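**Q** The structure under discussion is supplied below as structure tokens; questions concerning it will follow.
The values are calculated or read from the model by the stated rules, or taken from the named source; none is laboratory data. Because the structure is predicted, anything quoted here is derived from the model rather than measured. Reconstructed Cβ throughout: ideal geometry from the backbone, glycine too, with neighbour counts over all protein chains shown.
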There are 2 protein chains.
Amino acid sequence: MTGVVTESPPLERLKAMLAEIADIRHAEAVLDWDSRVSMPPAGAQARAELAATLTQLAHERFVSDELGALLEQLAPDRDEDSVEAALVHVTHRLFDRARRVPTELAGEMAHASGVAVAAWDRAKAASDFESFVPHLERQLELKRRYVECFPETDAPYDVLLEDYEEGMTTAEVQNIFTRLKEDLVPLVERHRGSAPGDPLLSGPFPVEAQQEAGRRVLEAFGSDPASWRIDETPHPFASKPGAGDIRLTTHTDEKDLTSLFSTMHEFGHGVYEFDVDRAFARTPLGGGTSSAIHESQSRMWENLVGRSTGFWRWFYPQLQGLFPDVLGGIEEASFVQAVSAIRPGLIRGDADEVTYGLHIILRFELEQELLAGTVAVPDLPQIWNARMKEYLGVDVPDDAHGVLQDMHWSVGLLGYFPTYQLGNVISVQIWERARADLGDLEEQFARGEFAPLREWLSEHIYRHGSRYPPRELLRRVTGSDLDPEPYLQYLRTKFA
Amino acid sequence: MTGVVTESPPLERLKAMLAEIADIRHAEAVLDWDSRVSMPPAGAQARAELAATLTQLAHERFVSDELGALLEQLAPDRDEDSVEAALVHVTHRLFDRARRVPTELAGEMAHASGVAVAAWDRAKAASDFESFVPHLERQLELKRRYVECFPETDAPYDVLLEDYEEGMTTAEVQNIFTRLKEDLVPLVERHRGSAPGDPLLSGPFPVEAQQEAGRRVLEAFGSDPASWRIDETPHPFASKPGAGDIRLTTHTDEKDLTSLFSTMHEFGHGVYEFDVDRAFARTPLGGGTSSAIHESQSRMWENLVGRSTGFWRWFYPQLQGLFPDVLGGIEEASFVQAVSAIRPGLIRGDADEVTYGLHIILRFELEQELLAGTVAVPDLPQIWNARMKEYLGVDVPDDAHGVLQDMHWSVGLLGYFPTYQLGNVISVQIWERARADLGDLEEQFARGEFAPLREWLSEHIYRHGSRYPPRELLRRVTGSDLDPEPYLQYLRTKFA
């Protein structure tokens with residue numbers, strides 16, 4: 001039994017309490033993975049109750065007076081750069097934020113999300129936005145009440161950002177996204193209609209051969225089957241139910257090769273979590289430091305590695321071997337061009353490297369307007385469709401392929417979308433630094449060598465877990481703050 | 001949020017607390033299933049910590065003063081036959097037993113089991129009993145201390161039995177087993193060497209065709225894939241991680257058909273759990289009432305159904321279709337005889353219907369002698385081997401195939417083995433009653449009809465969950481107490 005013994009020193013007691021909470025959260029991760037991969041469908045109702053119980057248990061223990069008293073007692077010297085100081089600091093920040101939210105409001109938010117995600121599911125299936133309106137209005141009302149729990153924050157949207165990206169402000173995101181828009185909109189405009197679905201990539205690509213391709217890439221990237229597994233789910237995700245246990249999922253469709261890229265994407269999330277210093281396990285330092293840094297890694301492995309010419313120099317012959325009928329007669333260069341082509345489309349999840357950013361910018365703008373009340377929920381589809389036309393030049397045929405496409409808002413995830421695009425920006429900043437240290441990465445990839453890159457990332461980013469806040473980590477790695485220019489330069493070069 | 005609100009009536013508060021505890025235990029079931037079916041091996045260490053945390057959380061909450069006070073307040077009228085009275089009574093019994101055991105002892109037991117099961121694993125692999133001796137001695141010492149927590153109990157072994165089989169005493173088991181031995185030893189003696197491994201059943205039976213056979217049988221027995229799944233694990237088991245979610249496992253080996261029978265066995269455990277009244281979910285009434293009643297159901301579906309002539313009248317043609325090369329030329333009658341033949345052997349897990357009981361009786365005797373100290377641990381292999389010769393006429397070649405074959409003692413499961421054989425006895429008592437109500441079951445099976453039996457069992461046994469203690473349930477169903485005669489009569493008829 002690992003009970004918290006009151007005689008032990010405060011730091012030991014804090015660690016024991018945090019280990020228990022981390023265990024409950026890892027149990028939640030197993031339950032979540034299981035419900036998406038293994039659970040017979042009729043188990044869903046009982047599982048929802050079970051998951052709610054564990055969430056509440058972890059929350060109760062985390063916001064307890066005892067934990068608060070320990071944190072006060074341990075409040076570290078500001079200058080101290082030890083792991084222990086980081087542990088206390090990171091825990092304190094999370095504790096303060098969690099304590100701000102009244103249990104009643106947290107309960108209402110959890111309940112509203114459960115109801116709204118089911119309503120969203122039905123609304124999307126029927127492309128019926130009207131039925132979703134009251135649920136989104138309710139979520140916005142709750143978000144406004146949540147924001148009021150942090151009255152010292154300048155902009156309301158800052159409160160939401162802070163939950164996913166410590167130290168990020170709405171104004172900064174605004175600046176970066178404005179700069180991106182300047183370049184991305186004209187770049188996309190030049191490619192409108194140029195590649196409306198590439199016949200090279202339309203298959204058929206038999207599912208088992210795609211899964212074999214995914215396995216080979218994962219192996220080459222350095223994932224050991226003793227710790228990693230990959231399964232099929234409708235929506236890909238990565239999960240770490242405990243140190244040494246990394247689970248990816250993908251969705252393989254015979255009609256395209258999306259699955260291979262989503263496997264590389266989820267590998268990026270998985271390797272970040274896998275390589276965190278094991279000494280941080282069962283503490284709040286034991287996972288990635290922010291959503292944007294996490295996304296920078298998934299995007300790096302998916303795009304900067306997985307869509308590079310070096311990678312395909314190595315892997316294209318193997319892919320041709322797996323799909324001789326479809327790819328046998330296609331040149332490597334044509335294939336590489338096809339997997340990177342700019343194709344303005346309706347769906348964020350299917351978007352290419354360039355148009356993706358505009359999908360995110362659209363959501364970032366609308367989230368702020370919704371929160372401020374300058375856009376009314378019933379008017380949302382009309383504004384959505386107009387901006388899709390303006391930014392991407394596409395006509396939205398119905399709300400299922402428009403405003404209803406993503407689940408995020410139904411579960412109250414506002415402030416999360418921007419981190420996807422910040423991840424793209426950051427990925428190139430880190431990439432430039434890695435190239436400066438490691439030499440010609442493309443040449444290494446062409447030989448199937450990915451270990452130098454992974455080791456470099458592990459050394460500079462992954463092993464630190466949440467020890468450093470995202471902006472400090474970025475400065476430590478790249479010597480600079482968030483900067484969109486390397487990303488734009490990368491796109492200019494690639495799509496010259 | 002489902003927090004326990006202090007203003008609600010005591011019964012509601014009790015139910016809320018029990019629901020939370022049941023949820024944690026269901027989470028443990030998911031984690032256990034996951035660790036045996038899905039978890040990458042390198043996740044084992046983190047998982048062990050996680051599982052220990054959840055076990056401790058559930059235990060702490062269950063033995064809390066608050067729960068005790070509620071139970072006192074609710075202590076029901078003894079005559080009351082309501083579900084609520086049963087809930088309070090059953091919970092009170094479990095609470096009293098759990099409170100008797102000091103936290104320190106519970107911790108030592110949990111830790112010793114973790115250490116000893118690993119030691120057993122290594123000892124079995126090396127057939128090295130000596131290395132296991134200190135671990136078994138430690139378990140016995142802890143068991144004696146556990147027994148001392150219940151000083152009012154007459155026989156020490158009664159304390160252990162009571163954990164698995166409420167109201168059962170060592171003396172009663174002794175009486176029943178003595179009666180069984182009288183008949184079983186001579187019956188086995190007559191079959192010594194008569195069928196030392198039947199060539200009819202030695203395959204090869206390709207794994208996928210066996211899995212298909214299992215699926216067909218499960219479907220005919222009435223398991224809906226919306227709620228049921230089956231996977232492969234080295235040791236078969238059944239699990240219910242929540243209402244409506246039943247998971248079986250089996251181990252399919254091309255060399256024999258054991259997997260099919262173990263699938264039917266686990267179905268019996270699964271259907272008992274599945275059919276418990278949903279109103280009992282998340283309470284201590286929500287599962288089967290005892291180990292022996294549970295085993296009576298697994299044995300019933302495995303042996304009384306799955307080795308019956310009616311069952312094979314229906315299923316043998318299908319099995320021949322699945323294995324035309326091996327079974328095409330074998331008559332149904334020869335096959336049915338082969339799957340029931342008495343074959344004295346070394347391994348309990350592989351034993352037939354008749355010799356199985358003697359494997360159990362051997363363990364029951366040794367457990368009492370070990371606990372009393374009349375057999376010293378180092379002498380155990382010698383005594384084991386001598387009794388195997390006496391009861392079954394077999395020579396034990398090494399300890400891996402003898403005293404080390406089962407995991408039970410390493411994790412401190414003493415008092416559990418007898419319930420396996422009590423289950424066999426009970427299964428025939430219930431079977432006789434079902435036949436009296438339902439008419440010719442064999443004829444129904446021959447038409448592939450299993451619903452009448454399952455519905456009868458559900459009505460009389462399954463739906464009640466743990467509402468009635470095992471002996472009361474047995475009396476309600478059969479009108480009599482535990483009685484070995486129907487079982488012996490069944491064996492006499494079958495093996496005349």
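**Q** Out of all the residues in region A:7-17, is one or more facing chain B (nearest Cβ under 8 Å) and either in contact with a helix residue (DSSP H, G or I) (Cβ under 9 Å, 6 or more places away or on another chain) or surrounded by fewer than 18 Cβ atoms within 10 Å (Cβ to Cβ) (or both)? Spell out the reasoning first.
**A** Taking region A:7-17 as the starting set, the residues that turn out to be facing chain B (nearest Cβ under 8 Å) are none.
Taking every residue of region A:7-17 in turn, none turns out to be facing chain B (nearest Cβ under 8 Å) and either in contact with a helix residue (DSSP H, G or I) (Cβ under 9 Å, 6 or more places away or on another chain) or surrounded by fewer than 18 Cβ atoms within 10 Å (Cβ to Cβ) (or both).
**Q** Further, regarding this structure: Just one of the numbered conditions (1) more than 24 Å from residue A:402 (Cβ to Cβ); (2) at pLDDT 95 or above; (3) of a type in the set (S, T, N, Q) is not true of residue A:153; which one?
**A** Going through the list (1) more than 24 Å from residue A:402 (Cβ to Cβ); (2) at pLDDT 95 or above; (3) of a type in the set (S, T, N, Q), residue A:153 breaks only (2).
**Q** Give B:169, B:153 a once-over and let me know the one that is of a type in the set (Ser, Thr, Tyr), surrounded by 15 or more Cβ atoms within 10 Å (Cβ to Cβ), closer than 30 Å to residue B:109 by Cα and touching an Asp or Glu at 6+ places or on another chain (Cβ under 7 Å).
**A** On the way: B:153 fails: touching an Asp or Glu at 6+ places or on another chain (Cβ under 7 Å).
Just one listed residue meets the conditions, B:169.
**Q** Under 19 Å from residue A:39 (Cα atoms), touching an Asp or Glu at 6+ places or on another chain (Cβ under 7 Å), within 14 Å of chain A (Cβ to nearest Cβ) and not aliphatic (A, V, I, L, M) - does that describe any residue in region B:227-234? Break it down into steps so the answer makes sense when it comes.
**A** Filtering region B:227-234 for residues under 19 Å from residue A:39 (Cα atoms) gives B:227-233.
In the following step, the residues that additionally are touching an Asp or Glu at 6+ places or on another chain (Cβ under 7 Å) were identified as B:227.
From what's left, within 14 Å of chain A (Cβ to nearest Cβ): B:227.
Now restrict to residues that are not aliphatic (A, V, I, L, M): B:227.
Yes, the conditions are met somewhere in region B:227-234.
**Q** Test each condition in (1) modelled with pLDDT under 95; (2) surrounded by 14 or more Cβ atoms within 10 Å (Cβ to Cβ); (3) closer than 21 Å to residue B:286 by Cβ for residue B:82 and report the one that comes out false.
**A** Only one criterion is unmet by residue B:82, namely (2).
**Q** For region B:61-73, state whether one or more residues are within 14 Å of another protein chain (Cβ to nearest Cβ) and touching an Asp or Glu at 6+ places or on another chain (Cβ under 7 Å).
**A** Yes, the conditions are met somewhere in region B:61-73.
**Q** Separate question: Please tell me if residue A:376 is within 26 Å of the chain's Cα centre (by Cα) and not polar (S, T, N, Q). Full working, then the answer.
**A** Values: within 26 Å of the chain's Cα centre (by Cα): no; not polar (S, T, N, Q): yes.
No; evaluated as a whole, the condition is false for this residue.
**Q** Given the structure, is residue A:48 surrounded by fewer than 15 Cβ atoms within 10 Å (Cβ to Cβ) and either within 9 Å of chain B (Cβ to nearest Cβ) or modelled with pLDDT under 95 (or both)?
**A** Values: surrounded by fewer than 15 Cβ atoms within 10 Å (Cβ to Cβ): yes; either within 9 Å of chain B (Cβ to nearest Cβ) or modelled with pLDDT under 95 (or both): yes.
Against the criterion (surrounded by fewer than 15 Cβ atoms within 10 Å (Cβ to Cβ) and either within 9 Å of chain B (Cβ to nearest Cβ) or modelled with pLDDT under 95 (or both)), residue A:48 qualifies.
**Q** Of the residues A:92, A:111, which is surrounded by fewer than 20 Cβ atoms within 10 Å (Cβ to Cβ), in a helix (DSSP H, G or I), out of contact with any Pro (no Cβ under 8 Å at 6 or more places or on another chain) and within 14 Å of chain B (Cβ to nearest Cβ)?
**A** Values: A:92 fails: within 14 Å of chain B (Cβ to nearest Cβ).
On inspection, the qualifying residue turns out to be A:111.
**Q** In addition: Can you work out which of the residues in region B:18-38 that are surrounded by fewer than 22 Cβ atoms within 10 Å (Cβ to Cβ), hydrophobic (A, V, I, L, M, F, W, C) and within 9 Å of chain A (Cβ to nearest Cβ) is farthest from residue B:114 (Cα to Cα)?
**A** B:19
**Q** Then there's this: Residue check: is residue B:293 in contact (Cβ under 8 Å) with a residue 24 or more places away in the chain, part of a helix (DSSP H, G or I), buried (at least 18 other Cβ atoms within 10 Å of the Cβ) and of a type outside the set (Lys, Arg)?
**A** Numbers: in contact (Cβ under 8 Å) with a residue 24 or more places away in the chain: yes; part of a helix (DSSP H, G or I): yes; buried (at least 18 other Cβ atoms within 10 Å of the Cβ): yes; of a type outside the set (Lys, Arg): yes.
Yes.
**Q** Moving to a separate point now. Going by the conditions given, is residue A:326 surrounded by 14 or more Cβ atoms within 10 Å (Cβ to Cβ), more than 25 Å from the chain's Cα centre (by Cα) and not in a helix (DSSP H, G or I)?
**A** Details: surrounded by 14 or more Cβ atoms within 10 Å (Cβ to Cβ): yes; more than 25 Å from the chain's Cα centre (by Cα): yes; not in a helix (DSSP H, G or I): no.
No: the conditions fail for residue A:326.
**Q** Now for a different question. Among the candidates B:255, B:240, single out the residue that is in the same structural domain as residue B:298 (by TED's automatic domain parsing), closer than 24 Å to residue B:289 by Cα and among the charged types (D, E, K, R). Even if it seems obvious, please write down each step before you answer.
**A** On the way: B:255 fails: closer than 24 Å to residue B:289 by Cα.
Result of the check over B:255, B:240: B:240.
**Q** I've got another one for you. Using the structure shown, decide if residue B:240 is basic (Lys, Arg), under 21 Å from residue B:206 (Cβ atoms) and touching a Phe, Trp or Tyr at 6+ places or on another chain (Cβ under 9 Å). Don't jump to the end; show me each part of the working.
**A** Numbers: basic (Lys, Arg): yes; under 21 Å from residue B:206 (Cβ atoms): no; touching a Phe, Trp or Tyr at 6+ places or on another chain (Cβ under 9 Å): yes.
No: the conditions fail for residue B:240.
**Q** Find the strands (runs of 3 or more DSSP E) located wholly in region B:167-284 whose residues include 1 or more that are over 30 Å from residue B:317 (Cα atoms), and list them. Outline the logic, then answer.
**A** Values: elements: B:228-232, B:238-242, B:245-250.
Hits in region B:167-284: B:238-242, B:245-250.
**Q** Now for a separate question. Looking at (1) of a type outside the set (Ser, Thr, Tyr); (2) in contact (Cβ under 8 Å) with a residue 60 or more places away in the chain; (3) within 14 Å of another protein chain (Cβ to nearest Cβ), which one does residue A:86 not meet, given that it meets all the others?
**A** Unmet for residue A:86, out of (1) of a type outside the set (Ser, Thr, Tyr); (2) in contact (Cβ under 8 Å) with a residue 60 or more places away in the chain; (3) within 14 Å of another protein chain (Cβ to nearest Cβ): (3).
**Q** Here's another thing I want to ask about it. Quickly run through region A:35-46 and pick out the residues that are touching an Asp or Glu at 6+ places or on another chain (Cβ under 7 Å) and either polar (S, T, N, Q) or touching a residue at least 12 places away in the same chain (Cβ under 8 Å) (or both).
**A** The one that is touching an Asp or Glu at 6+ places or on another chain (Cβ under 7 Å) and either polar (S, T, N, Q) or touching a residue at least 12 places away in the same chain (Cβ under 8 Å) (or both): A:37.
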